[in-house]
Amino acid sequence: DGYSPATITIETGATVSWVNNSGDAATVNSAPHPTHTDFSPLNLGEFANGEKLSLTFEKTGTYKYHNHLNSSQKGTIIVQ
């Protein structure tokens, strides 16, 4: 149904992991849809059900992302 939690706040240098428990393929891609141009390291691409993706955030900021296969599924990472 989407990312849970949809918004998280982390410290600089923390790693975020996404685990796909959807039963289908999903993606993690930077906003905006469909160009994915806001933060290219967040363009992690497609991952299958049961797989995990991770990314370490080294700079403060607000990073928005979505599932390119279902763009209504969105998330935000706030790095302090």
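Computed from the coordinates by the stated procedures, all read-outs in this text should not be read as laboratory data. Not measured: the values here are computed from a predicted model. Backbone-built Cβ (ideal geometry, glycine too); neighbour counts: all protein chains shown.
Before moving on, here are some points about what is shown:
- With the simple model of a label 7 Å out from the Cα in the direction of the Cβ, Val19 to Leu53 spans 1.7 nm.
- Fraction of antiparallel bridges per DSSP, the chain only, in percent to nearest 5: 80 percent
- Relative contact order of the range 1-44, taken over Cα pairs closer than 8 Å and 6 or more residues apart, is 24 percent.
- Taking the Cα centre of the chain as origin and assigning +1 to Lys and Arg Cβ atoms and -1 to Asp and Glu Cβ atoms, the resulting dipole is close to 140 debye.
- Projecting the Cα atoms of Gln80, Asn49, Ile10 onto the dipole axis of the chain, where Lys and Arg carry +1 and Asp and Glu carry -1 at the beta carbon, places Gln80 farthest toward the positive end.
- The chain: relative contact order in percent, alpha carbon pairs under 8 Å with at least 6 residues between: 41 percent
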